[in-house]
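Data block below; observations after.
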Amino acid sequence: MLKDKTILIGISAGIAAYKICELVRMYKRAGAKVRVMMTPNSLHLVTKLTLESLSQNEVFVENFDIKEYKPEHISLCDEADIMVLAPATANTISKIANGICDNLLTSTVCAFNKPIIIAPAMNTNMWNNKFVQENLQKLADNNYHICNPECGFLACGTEGVGRLCELDTIYNKTVEILNENKKLAGKKIVISAGGTVEKIDPVRYISNFSSGKMGVALADAAYQMGAEVTLVSTFEAKKPYKVTKLQSAIEMEKEISQYNNNVDCIIMAAAVADYRVKDYSEQKMKKTSDDEIEIKLVKNPDILKKISAESNTTKIVGFCAESENLLENAKIKIKNKGCDYLIANDISRKDIGFSSDENEVYILDNNCNIEHFEKDSKINIAHKILEKIFE
Ligand SMILES: Cc1cc2nc3c(=O)[nH]c(=O)nc-3n(C[C@H](O)[C@H](O)[C@H](O)COP(=O)(O)O)c2cc1C
């Protein structure tokens, strides 16, 4: 189940630390590569040598014990697919929820941008402590996966909530998350991004303020979920998947059309100019004595409408950016374009959309059913959009 996966286990100084020896074995049995990191305090409760023997790997504790000129908290982040913090003490939970990086484990959590599972374990009164609960909630609200402790007999001799959850729960959560991330394995997805560039002459052009960030977030999310991704963008992007750079709406129409009915989904996140310059000047236009000049524009092809009409097997997804009457306009637009889904966002808001790293969108299907995705990072919104399209 976990073949080719690297799991980074973080152990903090809870009495349940000894149980993690068995968790290491479970992951190893499933074919995973296991790396272990411990807080200095946890060394009082379980030995480094035990975990090194079980994981068959060096165990890391010290922040400044740097090998090969690369700090461990960065190199282990690169290597691991998921981080599992178990047991998570009240102390470590509270530190990471507040961005504190005072040892190797907390620094690593701070730098880790892939899924993190947190399995708290502590005395019942510590568990019920208002600040511990607030800090844990903060982590839950920010996409950390919490495996809540269970009720039972505790090492401190009392009965109550605080016991580390069953190792099976942590193990199953790990498998679920790693497989969930590959939900789109075998799917081919093409995503367009950026504002098209409509040239006037060799040095001038008409374009728009689209940053392409939402399209890139969708491409990144689809790639993380295991899809074969092609990004068709109006800007350079260095990505682990195929990127085709082009400029104009005409070029985009040609490029995108060839994928129609050959891939599972096309997402048109690019801001395609409605008009292009009618007569492109091969030579740089000279300044004249006239106070006004006229440049004639002609309509560009409506790529979304065209591919929607021509698609038999490819799901077509469009975007609409509106500055007023968002949902009314979106409902009219999805009918007019004939696409399967339309993502509507409000560009009148300064805190989301254009150039921002965050977005808040509505997704409409072709029966005008509407789902709202609240303000979140573009990458999280992208994951939600893909989940919805392929649900
Ligand atoms: C024997 C013993 C057991 C402990 N068990 C726990 C525990 O289960 N959960 C917890 O949050 N703290 C527990 N503590 C307290 C933590 O070890 C303490 O808060 C420590 O500072 C945590 O350090 P760390 O989070 O950097 O690993 C225990 C302390 C001792 C001495």
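The values are calculated or read from the model by the stated rules, or taken from the named source; none is laboratory data. These figures come from a predicted structure and were not determined experimentally. Heads up, the Cβs are rebuilt from the backbone with ideal geometry, glycines too, and the neighbour counts pull from every protein chain shown. Surface accessibility is based on the protein's heavy atoms, side chains included, excluding ligands, DNA and RNA. Shrake-Rupley method; radii C 1.70, N 1.55, O 1.52, S 1.80 Å.
Observations on the structure shown:
- Taken together, the criteria place I363 among residues that are closer than 26 Å to D376 by Cβ and at pLDDT 95 or above.
- Here Y259 meets the list (1) closer than 24 Å to I363 by Cα; (2) outside any loop (DSSP other than H, G, I, E, B) almost entirely, failing just condition (2).
- In summary, E22 fulfils each of the numbered conditions (1) open to solvent by less than 60 Å² (accessible area, probe 1.4 Å); (2) closer than 27 Å to F153 by Cα; (3) of a type outside the set (K, R) with the single exception of condition (1).
- Which numbered condition M37 fails, given (1) touching a helix residue (DSSP H, G or I) at 6+ places or on another chain (Cβ under 6 Å); (2) under 22 Å from Q133 (Cβ atoms); (3) more than 10 Å from the ligand (Cβ to nearest atom): (2)
- Subset of the stretch 277-304 [open to solvent by less than 70 Å² (accessible area, probe 1.4 Å), touching a residue at least 24 places away in the same chain (Cβ under 8 Å) and not in a loop (DSSP other than H, G, I, E, B)]: V277, I303, L304
- Meets criteria (modelled with pLDDT of 90 or more and outside any loop (DSSP other than H, G, I, E, B)) for L178: no
- For the stretch 120-136, a residue qualifies if it is within 11 Å of the ligand (Cβ to nearest atom) and either open to solvent by less than 10 Å² (accessible area, probe 1.4 Å) or of a type in the set (A, V, I, L, M) (or both), and the qualifying residues are P120, A121, M122, M126, V132.
- When residues of the stretch 309-329 are limited to those that are in contact (Cβ under 8 Å) with a residue 24 or more places away in the chain, outside any strand (DSSP E or B) and in contact with an Asp or Glu (Cβ under 7 Å, 6 or more places away or on another chain), the one most open to solvent (accessible area, probe 1.4 Å): L326
- When the stretch 83-118 is filtered for residues that are open to solvent by less than 20 Å² (accessible area, probe 1.4 Å), more than 10 Å from the ligand (Cβ to nearest atom) and assigned to a helix (DSSP H, G or I), the ones remaining, listed by number, are A97, L104, S107, T108, V109.
- Residue in the stretch 151-163 that is open to solvent by less than 60 Å² (accessible area, probe 1.4 Å) and either free of Cβ contacts under 8 Å to residues at least 24 places away in the same chain or part of a helix (DSSP H, G or I) (or both) present: yes
- Matching entry among D141, D168 (being assigned by TED's automatic domain parsing to the domain that holds A13, exposed (fewer than 13 other Cβ atoms within 10 Å of the Cβ), acidic (D, E) and within 21 Å of the chain's Cα centre (by Cα)): D141
- Selection of first residues in the stretch 85-109 that are more than 12 Å from M122 (Cβ to Cβ) and of second residues that are among the basic types (K, R) and within 10 Å of the ligand (Cβ to nearest atom), restricted to Cβ pairs under 6 Å at least 6 apart or on distinct chains, gives the following pairs, ordered by first then second residue: T106/K95.
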